[in-house]
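First up is the structure itself, then whatever we jot down about it.
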Amino acid sequence: MLKADAEKAEAPEDLFDTMLPRELKLLILKTLLRIHAEETGNGRSCGEMNGRKELIRLSRVSKGWRHLCFDGQLWPLVELTPFAHLIHRDLFHSIVASALPCVRELRLRGMDSLFGATLAFALSTQDRPKYKCWELVTRTMWLPNLRSIDLRHCDSLTSSDISIIVSSAPSLRTINLKGVQAVDSEVIRAVAKSCRSLQCLDVSRCWKITLGDIVTLIRSMDAHQACAMQALHLGGIKSIGRYAGDFLPLIARCLVNLKTLDLQGCTYIFTCDFQRFGDVLDSLDRKSSITHLDLSGCAALKKDVFRHLKGRFPDLVKFELADLPYLFDGGRDEDGELVEFLRTTPKIQKLDLERTGERGGVTDRVLDLLAYGRTSDGDRVGKELVELRISAAKNVTPAGMVRVIKWCPNLRLFEADDTSADRSVIREIHKRSHTCPGILTVSMLDCHAITQHTHHSLHWAYRVRHGWTGWAATPFEYDTSEVMNTVTAEQISANVNVASNMMLKLPVIKTTWSWKDMKTVRDWRESRNVAELQHAKAKGLAAAAAAAAAAAADGGADGDADESAVAQGSGSGGRRSRLGRRRGSAASGLAMGAYGNANGSCTIM
C-alpha cells in the first residue's frame, strides 16, 4: 500500500486537464493549427492539413481529448479531401457530428465510398442510438449555418441523398456538384425550393440535367434570389427541353448581378441564342454585368456571334473561346468582327483563343489591337492584359507577337504553341525582362522556326521552367536557382547568391528543345539507354549458352559453329534492343523503376 502511494505521489500532475479551462485548451489547439498553417517545407504533410492530422491523432488519447479536438470552433471548415482515401466512416461521423453546429464549409471531394446513410447520420441533430428509421434521420437533419458544400467525386451518393442535404441547408451560398452523375431534376428542384441565398452553382458535366432544368431553376427565383446569384458553371450540359431556348434571354432579364457564366462544351448553344440575349439587354437599356465568359468548345457558334456580343460586356475580364477551329471560315475580313468586339472590352485580362485560329480569324490585327489599340473612349484595350493564348493560330506572324510582348507591360503568360514564332520573339522577351517587372512565362512548343541551334545559342537568355516547392515537386529535382520561393527580398538586397538572383529575373520559355536538357529528363533517358544495353548483352549471352549446351548434347560442335551461335545470339539481342527502344522493354521498365526509387519519387514529364 505504501509503495502504491509513493508511485502515485511521484506521478506528474496533469495540469492541462485539471487546471486549464476549456476555452484556454481550445486556444492552445487553435495556435497549433495556426503554427502548422504558417510552416513551409518539402514534407509530405505541410501546412494546415498537417495540423488537422495532429488533431485527429490527439483525439485518440481519451474521450475528453476527442471531444476537445473535434470541437466545432476548431472545425468551421471540414475539408477531408486529402484524407479521402484513408478516413474511416466512424472517424468521419465523429468529426462532423461533434463540429456540426459550427460547420460553415463542408468539402468532401474524392470520398467516393461515402454513402448517403453515413453522411445523413453524421449531419443529423439527433443522437446516434435514436436512429430508428430513415424518415427520422431526414426529419432531424438541420444545417442552418452551412454556407458551402463540395461533393465532387462522391459517386456513392444518390439524387435523394443530395436533395435531402440541400433541403436541410437553407443558407447555402456555394454548391459544387461538378461531375456528380447522381444530379438530376430532383436535385435542381430542391435547390430552387430551399436555397434562398445561393450565389454559386456548379453542375458541370452532370449529364442527367439539361439547360431546361436550369431555366426552371431561374424562373422559380424571386427578385432577392436572382440578385444574389453570381456564378453559374454549366459546362457540357445539353440544351434539350421545351424551354432550353429561353436560357440566355432569361439570364439577361433576371440574373442582373451574374459575374461568371461557364458554358464550356455546351454544343447546343447557338448564335441565335446570343442574338436574343442582346435583344433583351437592349430592351432593358442596360449592359451585362458578366466579368468571366467561357464559350470554349461551343461548336455550334459562328463568327457572327461577336456582332451580338459587341458592346454588351464592358466589364469583361476573362474571355475564353478555345477549341473552336471552325468558328472562322477563312473568308475576307475574317478577323474584323472579333477585333470590333475586343475593342469594347477595355478591362480584359485573360484571353484564351487556343486552337481557335487554325483556319484563320486570329491574326496580327487582333494582336495589334491588344498591343496599342484603343476603345471609343480612348482607353487602351490591352493595358491590363495578363494572360494570352493563341496556340495554333496560323495567320499570326512573329512581328505581331513581338509587338504584343513589347506593348503589354502586365503580360505574365503567353502561349503560342504550333505557330510561326522564331528567335526574334525570344530576343524581345529577353529585352522585356530588363524593362518590365514580373516574370513572363512563354510556351512555344512545336514551333518549327525555333530550331535546336536557336535554343543552344539563346539558352542563356531564359529559363526552361519556373520551379516550385513542396512534396509533389520532389520528382523534378529543381535546382535552387529554379525555385522562385527560395530567394527572399532580404537576400536580394544583400546581394546573397547573386547567380540565383540573376537567374530568377530571367523569363521562362518552354520550347520543344528546352525540356530535353532538364536534369530529370536527361538522367531518365540515360538510365533507359543503359538498361536497354544491359538487356541486349544478357540476351546475347543467354543465346550463346543455349547454343553451346545444344551442341554438347549432340556430341559437340566445332569452333566455327560456336562462333556462329554467339554471333546469332548477339544479333538477336541487338534486334530486341531496337524493338525495346521503340516499344519499351520489360528490363528497361524495371531499370527506370529502380532509378525512380533511388531518387525517392517517380518522374512525369
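The values are calculated or read from the model by the stated rules, or taken from the named source; none is laboratory data. A quick note: this is a predicted structure, and the numbers were derived from the prediction, not measured. For neighbour counting, all protein chains shown are included, and Cβ atoms are generated from backbone atoms with ideal geometry for every residue, glycine included. Just the protein is used for accessible areas: all its heavy atoms, side chains included, with ligands, DNA and RNA removed. Shrake-Rupley method; radii C 1.70, N 1.55, O 1.52, S 1.80 Å.
A few points about this structure:
- Carbon/sulfur fraction of accessible area - the range 352-435, other protein chains in place, 1.4 Å, %: 45
- Length-normalised contact order of the range 16-74 in % [C-alpha pairs under 8 Å, at least 6 apart]: 28
- Positive minus negative residues near SER288 (Lys, Arg vs Asp, Glu; Cβ under 9 Å): +2
- Among the listed pairs LYS208/LYS350; LYS302/LYS406; LYS259/LYS302; LYS259/LYS347; LYS431/LYS516, those whose Cα-Cα separation exceeds 21 Å are LYS208/LYS350; LYS302/LYS406; LYS259/LYS302; LYS431/LYS516.
- Carbon plus sulfur fraction of accessible area for the range 191-280, probe 1.4 Å, in percent: 51
- Total formal charge among the other residues, if their Cβ is under 14 angstrom from that of LEU146, Lys/Arg +1 and Asp/Glu -1: +2
- Chymotrypsin sites (Phe, Trp or Tyr not before Pro) restricted to the range 426-476 and DSSP loop, no more than 13 other C-beta within 10 Å: TRP468
- Neighbourhood charge, 10 Å Cβ-Cβ cut-off, centred on VAL386 and excluding it, Lys, Arg +1 and Asp, Glu -1: +1
- With every protein chain in place, the range 16-74: carbon and sulfur % of accessible area (1.4 Å): 54
- Pairs of alpha carbons in the range 292-362 whose separation is greater than 16 Å (percent): 43
- Averaged over its residues, the range 16-74 has an accessible area of 62 Å² per residue, based on protein heavy atoms and a 1.4 Å probe.
- Å² per residue, accessible surface of the range 412-478 at 1.4 Å: 46
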